[in-house]
Amino acid sequence: MIDLHALAAAVHLLGGSWQPWLVVLPGILIGLAVHAVPGLTTSMALAICLPLIPYMDFLQALIFMTAMYAGALFGVAIPAILLNVPGSAAAVGTTFDGFPMAQAGRHNEALGLALAASCVGQVIAYLLLLCLAQPIAAFAIRLGPPEMLMVSLWGITLIARLRGRHMARGLLAGVFGLLLGTVGLSVRGAARGTFGFDLLLDGIPTVPAIVGLFAAAELFNLVGREYIVDDRTRRQVNAGRILAGMRETFRHPGTLLRGALLGSGIGILPGGHAIANLLSYSEARRAAKDPERFGTGDPRGIIAAESANASSEGGSMATLLALGIPTGGATAVMLVAFGMHNITGGPAFMRDHADIVYAVILSSLAQVVLLAAAGFGFIFIAGFVVKVRLRLLVPIVLALAVIGSYALAQNLAGPITLAAFAVIGWLMQRFDYPVAAAVVGLLLGRLTEGALLRTYQMSGGDIGFLLTRPIALAILLLLIGSIALPYLRRGRPRLLEKRQGRIV
Amino acid sequence: MPSRPQLTIGGRTIAVDLPHLAFVTAIAAWCAWFCQDAWRAQKGVENLILIVPASAMAMILYIVVAASCIHIVPPQDHPPAAPRRPLAPGMASKIIGTMALLAAYVVCAPLFGFDVASFIYILTMLLLLGERRILVLVLVPALFCAIVIYCFNTLLATPLPLLLFPGDAA
Amino acid sequence: MQRRQLLTAAAALAASHVVPAHAASWPRRPVTILVPFDVGGSADRLARGFAQYMPKYLGQPLTVVDRAGAGGLIGTTWFLQQPADGYTVMLTPATPFIPVNILVTHAHYTLDSFTFVNAQWVDYTILLVPKDRPWKTAAELIDAIRAAPGKISTGVDFGSVGHITTMALLDALGLGPDAVRIVTFDGAGAMRTALAGGQVDFNIGQAEGAAFISGFVRPLAVFLDHRVPDYDVPPINDVLKAYHVSVPLINGSVRTFVFPAAFKAKHPDDYATFVAAYRATLDDPAFQKWLHDNQMAGDWVGEERTAAIIRANYDGLEKYKNLIKP
């Protein structure tokens, strides 16, 4: 479990000098600042951070990067709540209940909720990591395409939950999103749906598409309104209310814990980080006795999404630290820090540098306090956005989004996607199609296709293959169980009562 | 212009929600085209394993939704309620204007430089949305361009094509 | 663009009157190193090493710009759209990616569009199996495949040298592509993780990447014509002697600086300046230490040999492209 010797060495490393701590606040601030601006992405934050790493020693570099990601994880929630523009795919779940709360004038509480949930999620994830790094990693490595497939299917069921008032339209939106997610070069080198455009070979760029679908569509709608929050008396930034929101988080321990544990688990899977918040939201909604309240500004929605998002980082850290294998963007970049200091990852890393591993974990736990403080200050400033007239906000946000999406890849794929999906998103909203379902489909498209394809390839076409994958079967059974349970428990007559939506 | 034209066939009146029908047909058409394009790129299970079932599902859903766009109007009924909230007067032109400006901005910015294009875009949007204070109309776009473009070019080292300011960008 | 060139020309003209003659030669402003892959990858890290050590010899700073996408296609296409004045140089694992771009993904360029400066860091391919699999030699694995065709699985990074080599090996042994279950991955990292986890039975891939997962895998053979000290396994063609066949040995990941062919043609002096500065950097003991610490190589093989290596790889891919193309 915990290597006490290494733990003691870690405490000594951290307590002995102020040097490692020097980089924490800058890291958090960079992560927060970059991700709080709609349209800016992690690669831009990295562009700022990477040139600084050669000047740091190894421990500092790792702490700097984890601090940056800690800030990033929360930063993306800020525009998600205030503007309905998720800073990245990881904040999509936060928009579902965050923006309605903002519109109702409860933006202070919403931001406070998100901050507290994010902090708690990180704490839980790192505590798990501290105690269970080795077992988590050993388990993680046994998860392969079949397991990923089951998790993707689970994500797809979220589409059905987000169906809005019309079932068929919701499902169509989701399937449409799924297909859009598979545009581009297949793993076998076949170009699908690209019209011959090289720029589409990598698929439709997700961040501009999401921003377009969510933001532009919503912003177009608000063109007739004056402010995000109609009621003038509620259009304030209030520290007390932010704190109230933070306290509110702790009144839903079940949702909080479930989100954090789920996020940690899903974060282990490659690609899991982006969808952890969605799956957590879906589960929170399923488990609730009053699911209709989700989507209208229910605090539990924010808590579920943010805690899972924050904790999914801990999951992918486990595979990096214990195994030296990166599972995604964040951990791949940390390997750069490894490389710059002549250290190989790998299982030997945990063995030979256990004190550094523990030092990183401990400092991440301590970072949460700084995050809460810095985040609070940030929210306070960011909250003033609601005081700005929409007629100023709309063009600024749109222009920022366009510039950001261009700067992403230095080509027009981003901006064109943004504009195109803005129109599609508006039309979808007009005709009552849930945009969220399409977004979930888009995010899951590649992931699901890859998992499905590889499972098929591994099995050689033999369905019996799945019987050799107990973990995948377990997830599948859990999934079926979680869908079927409400029906079995409540019995048929009450079920018909609950079905308020129309079919079409 | 009624969005639900009515035909009379036989003795029955049928109302068609045309805009919605057009929209959902467009989506279904894309799905069908995409499936066909993928099929042509590589006819194999490995390429189509998700695309074909998803497209088939899309077709089924399309039929269901399209059918819902067509209603038989019972006789002696008042015209049925509109399927959607009608747009507030003047909104339609604002929304179309916003979309058109966004499209123009996206096309022109790399061509004419982000600085000039952003300035003009924000200025025109402000005018469209009803801003009339000269100070705001001039200061806001100018400040935006100055701050944002400085940040992107210098801080984030992501070169943007600019017209008026030197840069290494392509 | 024109306007900027005019301004720059005017400025240069003005400057050249007050600045000593030698400063008026190339390069007069920072040089961009374009890496057509993601930040953090091996090419990107190597480029950043150059950005640290080369300015001393070149006389100007170097900035690294990453443009990933479509296996290097996006970045390479952008690179060729830049003026061929030497201010943009590309650092990339030229093979297998450029041949794959051309032969499989239908890029609009050809090998002749480029000048490949020096194959500085070349990797080789290695055959690995997860530790918990029973085969202790390459021969055992081959026999197992023959005994149960279609049952054993291999992970491949589509279009990589490992992929080509896998198909070439099967082909040489007279086994069709259905003899093994081919599981395609979106990149070498994902594939290595799967291999480490035992999701697939074997993999032929980049040796330097294998270092990350060395604790989880067992090497069985190297695709070289000699043994290497890092892995005590036979060269593949030694193993294949028992089957009376052999496979072509294709280099992996040949990292080199690349210029558009027009640059050397139109500005041969500037090209020579770059090469001189580059060689000086390679000779710098501090840089060599940096390379060593980062487990990268800094060999000098020269332009001709480099072109030959890349040509050989291209021909190898062309021969087997039908086996890997959709």
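Results, tabulated for the structure shown:
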{"read-out": "Estimated translational D of the range A:431-477 in µm²/s (Stokes, Kirkwood radius over Cα pairs; 37 °C; 0.692 mPa s)", "value": "259"}
{"read-out": "Radius 14 Å from Cβ of B:Glu131, net charge of other residues (Lys, Arg +1; Asp, Glu -1)", "value": "+4"}
{"read-out": "For chain C, built as a Gaussian network whose Cα springs stay under 10 Å, the top-fluctuating residue of C:Ala147, C:Ala84, C:Ala307", "value": "C:Ala147"}
{"read-out": "Formal net charge of residues neighbouring C:Asn118 (Cβ-Cβ distance under 12 Å; K, R +1; D, E -1)", "value": "0"}
{"read-out": "FRET E, pair A:Arg247, A:Leu478, Förster distance 35 Å, beta-carbon r, rounded to 0.05", "value": "0.60"}
{"read-out": "Cα lying deepest toward the dipole's positive end in the protein assembly as shown, options A:Phe294, A:Ala140, A:Ala274, charges on Cβ", "value": "A:Phe294"}
{"read-out": "Calculated FRET value between B:Ala103 and C:Lys241, using beta carbons and R₀ = 51 Å, to 0.05", "value": "0.20"}
{"read-out": "For chain A, alpha-carbon Rg relative to the globular expectation (2.2 N^0.38 Å, N residues)", "value": "0.94"}
{"read-out": "Inter-chain Cβ neighbour average for residues A:197-210, partner chain, 10 Å", "value": "2"}
{"read-out": "Along each principal axis, Cα extent of the range A:235-304, largest first, Å", "value": "41, 25, 22"}
{"read-out": "Cut-off of 10 Å, at most 16 other beta carbons, DSSP loop: longest stretch of chain A lacking such trypsin sites (Lys or Arg not before Pro)", "value": "A:1-141"}
{"read-out": "GNM result for chain C, Cα springs below 10 Å: residue of C:Phe97, C:Phe287, C:Phe259 fluctuating most strongly", "value": "C:Phe287"}
{"read-out": "Rg over Rh [alpha-carbon atoms, Kirkwood Rh] for the range B:6-73", "value": "1.18"}
{"read-out": "Counting DSSP beta bridges with both ends in the protein assembly as shown, the antiparallel % (nearest 5)", "value": "65"}
{"read-out": "Neighbouring partner chain Cβ atoms per residue of A:85-97, average, 10 Å criterion", "value": "0"}
{"read-out": "Simple spin-label estimate for A:Leu488 and C:Gln295 in nanometres, 7 Å along Cα-Cβ", "value": "4.9"}
{"read-out": "Overall Cα dimensions of the range C:125-243 - principal axes, largest extent first, Å", "value": "32, 30, 27"}
{"read-out": "Cα-Cα separations in the protein assembly as shown greater than 48 Å, expressed as whole percent", "value": "25"}
{"read-out": "Spatial extent of the range B:91-155: Rg and Dmax, with the Cα atoms as the point set, Å", "value": "12.5, 40"}
{"read-out": "Chain C - Rg and Dmax from Cα coordinates, angstrom", "value": "21.9, 79"}
{"read-out": "Cα Rg, Dmax (largest Cα-Cα span) when computed across the range A:1-125, Å", "value": "16.8, 52"}
{"read-out": "5 angstrom amide H check on C:Gly205, placed H, neighbours 5+ away", "value": "C:Ile126, C:Leu128"}
{"read-out": "For the range A:73-107 versus the range C:257-287, the gap between their alpha-carbon centres in whole angstrom", "value": "50"}
{"read-out": "From the C-alpha gyration tensor of the range C:72-145, square roots of 5λ in Å", "value": "38, 14, 10"}
{"read-out": "Net lengthening on full extension, C:Asp178/C:Gln288 (0.36 nm per residue, minus Cα-Cα)", "value": "35.1 nm"}
{"read-out": "Under 5 Å, built H, 5+ apart or other chain: amide partners of C:Val233", "value": "C:Val228"}
{"read-out": "Chymotrypsin sites (Phe, Trp or Tyr not before Pro) restricted to DSSP loop in the range A:133-212 with at most 16 other C-beta within 10 Å", "value": "A:Phe195, A:Phe197"}
{"read-out": "Per-residue average of Cβ from other chains inside 10 Å of C:64-72", "value": "5"}
{"read-out": "Selected from C:Arg279, C:Arg67, C:Arg29 as most flexible by GNM, with chain C as the system and alpha-carbon contacts under 10 Å", "value": "C:Arg29"}
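Every read-out reported here was derived from the displayed coordinates using simple, explicitly stated rules and does not represent laboratory data. Values in this document were obtained by computation on a predicted structure and should not be read as measured data. As a convention, Cβ positions derive from the backbone with ideal geometry for all residues, glycine included, and neighbour counts pool all protein chains shown.
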